[in-house]
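Reviewing the structure listed below.
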Amino acid sequence: MNEVSVIRRFLAQPSAVIGAGFLLLLSLLALAAPWLTNSAPWEMNTTPLLAPFQDPAHWLGSDMLGRDLGSGLLYGARVSLAVAAVSSLATLLVGAMVGAVAGYFGGWLDGVLMRIAEFFQIIPQLVLAVILVAVLEPSLGSIILAITLVTWPAVARLVRGEFLSLRQREFVQAAQVLGQSPLAIITRQILPNALAPLLVTLTFVAATAILTEAALAFLGLGDPDAMSWGYMINASRGLLREAWWMSLLPGLAILLCVLAVNRVGEGLRVAFEPARRQGANP
Amino acid sequence: MSQERTPLLSVEQLRIALPAEADRSHALYDLSLSLAAGECLCLVGESGSGKSMLAKALLRLLPAPLHIERGSLRFRGEDLAGRDEEGMRQLRGRRISMVFQEPMSALNPLLSVGRQIDETLRAHGERSARVREQRVIDLLGYVGLPDPLRLRRAYPFELSGGQRQRVVIAMALAFDPDLLIADEPTSALDVTTQAQILDLLRRIQRDKGMAMLFITHDFAVVRAIADRVLVLERGHVIEQGSARQVLEAPREAYTQRLLAAVTAQPLAPRALLADAPEVLGARQLGKHFGGRGGGWSRRQTQALVGLDLHLREGETLGIVGESGSGKSTLGRCLVRLLQPDAGSLEWQGHEVASLSQRRLRPMRGEIQMIFQDPFASLNPRQTVGQIIMTGPLAQGVSKTESARRARELLEQVGLPAAAFERFAHEFSGGQRQRIGIARALAVRPKILIADECVSALDALVQVQILELLESLQRQFRLSLVFITHDLRVAARLCDRIAVMQGGRIVEQGDTARLFAEPQHAYTRTLLGAAALALPDIPAEPAVVGAL
């Protein structure tokens, strides 16, 4: 299965390409936020409750304190995307490591690690995240830590499952007979073959991370120094009838962002799948 | 005999086109055949020759992009193209039935076998439940299943492979069809079971005067069952004629090669150095698998029991047994993929039975394994070069030296040098098995364990791989343990053979002696079942050599 055909199959899916394009654009806009906006997100510099398209200098309007909504959305994208990227990477690291060790070595080690994973899985994710952030004081770091702690068990179980089945494959046994060390077998023989489902799961982890961060911010547990979409919805919920755009715009931003990540994940899944079948029996 | 009657089935100039990216333009090209009532025609060919396509075309079950490009299919004088879907459904199962290769996937695992036959009867309009029930019991008894009254309530997983295939046959016979299509019905079975199923099919065919289209890759099966034979190669008919003529005086070179490939040519007895040092020895080896049931269900399976085995330098030892006899477990214990739980195991005089994997790793260069499945045994994400270099690199050989060895080995196993940069999935089964052999040899082992390493390959490719193994063995002075279920293959390659049953070695001895005067009852059963598999056709070594 070669990478070129995977990429070609991915590009053949319009929804996945649009999703990826949207995320790319959003990342660029988020990075360029200081140059694109004429005010910092917390700065009160215009008439409060300005509706969209009324003032060319603040064309997405302003909130009840006269803060520019466009600026808030762009800076919020920074938080959402950063949290999504860092927490899915951290999840990958922890999940893959635990899953690989449990799946490869099995036995009591597997038992202990999986009981720990179950301990995290039986508590509702959001409740656990809220408690963790509340205890650790809200900050970007604690939010990422909380998200990682609630999502790693799913990734670990997936990696463990892949390892359990790949471990029995003859090419892995061949590597063992050739005298390759367990670390080399894990990283060179098994992991590359488990990468496809892992990548797909990671995109869904990223989508969950965006939603969880927004939910935490909405509950007032966001980083107090960072403007975020969840905070914006929280701030505007009392003015739902007077200034609907204040909650609609960040809500739409969350929706589109999560949708885009999901489409990318789905696209990856479809792109990898025929290759996986081919690998088993061309 | 068939001239004066209208043939039951006649196929004329059948062409089935393949999609553009396939390796050839047509799955079948201008295939014509006729089959009289009560006759058995064997369709023989290697995998990919298009033999199963004919069966699918007959029943109009061709997979989506394929269609009949031209040609006609006539059944009892009627052109099948004229029938609509409903008409075909009436035909399938009633007048023409089919028996598939893998009985487990042909049966629904969630329904008792009686229910499944019952449903076939009902689908074709048999209304009375009592008639159906009686018919189910009759059919199960007819195909030789014991105690049909009780057995009809059994589920597929409770039956053995042979019993399942009997159930599938019973289902196919539900309406006394005129034509039975059997697509490799015995290839998934052990030799002894295979012989029984062939017996059964032959008996039914004579009893009922039913015609049979029998698809197989195995000339031993052809010999047992065919009236006439049709040989296919890559969609083209190579040769067609009576079984006697094709088997005993084949006209075409391709047929001759196929026949020679299945003919056992026992190895010329080699001057085996009786004083050659022992390189591999097992004493009282035992292995059991513990059931990890829920707490108090502690089932144990004894896979190996008190097994003694020794291998001298340069010798080939065959381990023969049916599936479940423990021969693969033995192979995995010998290379220490599994840890035996009793007895001792020595590699070149070093005791290794209970060494840890870490301690074993530096010694792994001495003993290597060739695996059964040429598709699962190569990492799909690595290039052939990386695969072959894995071993030397793990044993601490430098990168340049490993690459040099890999290129040298590619040449020795008969692969192009360009293979080095390519991925394994670009190669055929036989070529992949060559890559597997090169990988094993890259660490310069003294002992090779080959676990069913040719059973997934076509007969002609099998011969090539066996010849390769033999020449490599001579070149590198290898000692070989050859695990197989196939006595033919064992006879061709091995100096000595050990027969396994139920985790024990029941008999071992020199190949010639074992074949001539088997001591143990089980060996005799195996040999008897394989008698059909050991045709006494004069071999043509010149043709084989030319491959």
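We did not get these values from a lab; they are worked out from the coordinates using the rules stated. Bear in mind that the values here come from a model prediction, so they are computed numbers and not experimental data. As a convention, Cβ positions derive from the backbone with ideal geometry for all residues, glycine included, and neighbour counts pool all protein chains shown.
Observations on the model:
- For B:ARG358 and B:HIS310, the difference between the fully extended length at 0.36 nm per residue and the C-alpha to C-alpha distance is 14.8 nm.
- Approximate spin-label separation B:SER428-B:ARG153, in nm, with each point projected 7 Å along Cα-to-Cβ: 5.2 nm
- Volume of the Cα convex hull of chain B, divided per residue and given in Å³: 180 Å³
- For chain A, the share of alpha carbon pairs falling in successive 5 Å distance bins from zero is 1, 6, 11, 14, 14, 14, 12, 10, 7, 5, 3, 2, 1, 0, 0 percent.
- Note on B:ALA20 and A:LEU24: with the Förster distance fixed at 30 Å, the Cβ-Cβ geometry gives a FRET efficiency of about 0.25.
- Segment B:ARG206-B:GLU421, extension gain: residue separation times 0.36 nm, minus the distance between their alpha carbons: 71.8 nm
- Across peptide B:377-384, the average count of Cβ atoms from other chains found within 10 Å of a residue's Cβ is 6.
- Note on A:LEU198, A:LEU93, B:LEU410: ascending count of other Cβ atoms within 10 Å places them as A:LEU93, A:LEU198, B:LEU410, the fewest first.
- Förster radius 41 Å - calculated FRET efficiency between B:ARG70 and B:SER160 (Cβ-Cβ, nearest 0.05): 0.40
- Under conditions of 10 °C and 1.306 mPa s, the stretch A:1-155 yields 83 µm² s⁻¹ as its translational diffusion coefficient, taking Rh as the Kirkwood radius over Cα pairs in the Stokes-Einstein equation.
- A helix-only calculation puts the protein assembly as shown at -15000 deg cm²/dmol for mean residue ellipticity at 222 nm, using -39500 (n - 2.57) for each DSSP H run of at least four residues, averaged over all residues.
- The alpha carbon convex hull volume per residue for the protein assembly as shown rounds to 229 Å³.
- Order of B:VAL168, A:VAL6 - criterion: other Cβ atoms within 10 Å of each residue's Cβ, fewest first: A:VAL6, B:VAL168
- Euclidean distance of C-alpha centroids, the stretch A:227-252 and the stretch A:168-216, integer Å: 39 Å
- A crude spin-label estimate for the pair B:ASP84 and B:ASP275, with each label 7 Å from Cα along the Cβ direction, gives 8.7 nm.
- Nitroxide proxy distance, nm - points 7 Å out along Cα→Cβ at B:ALA249 and B:GLN134: 5.3 nm
- Exposure proxy ranking, count of Cβ atoms within 10 Å, fewest first, for B:ASP275, B:ASP510: B:ASP275, B:ASP510
- Top of A:GLU137, A:GLU170, A:GLU162 by mean-square fluctuation, Gaussian network on chain A, Cα under 10 Å: A:GLU170
- Label reach from B:ARG95 (point 7 Å along Cα→C-beta): in the stretch B:166-180, amide nitrogens under 15 Å belong to B:175-180.
- The B:LEU61 and A:GLU3 beta-carbon pair, evaluated with R₀ = 45 Å, returns a calculated FRET efficiency of approximately 0.80.
- Calculated P(r) of the stretch A:139-263 - Cα pairs past 22 Å, %: 53 percent
- Set of aspartates and glutamates with alpha-carbon distance to B:LYS287 below 15 Å, sequence-local pairs under 8 removed: B:ASP308, B:ASP341
- Cα extents for the stretch B:108-174 along the principal axes, largest to smallest and rounded to whole angstrom: 31, 22, 19.
- Protection proxy ranking for B:116-123, A:79-86, A:32-39, using the average of other Cβ atoms within 10 Å per residue and placing the highest first: A:79-86, B:116-123, A:32-39.
- Stokes-Einstein translational diffusion, the stretch B:25-99 - Kirkwood Rh over all Cα pairs, 1.306 mPa s, 10 °C, in µm²/s: 116 µm²/s
- Relative contact order of the stretch A:69-275, pairs being alpha-carbon contacts under 8 Å that are 6 or more residues apart, as %: 29 percent
- Residue-span extension gain [A:PHE53 to A:ALA12] - 0.36 nm each, minus C-alpha spacing: 11.1 nm
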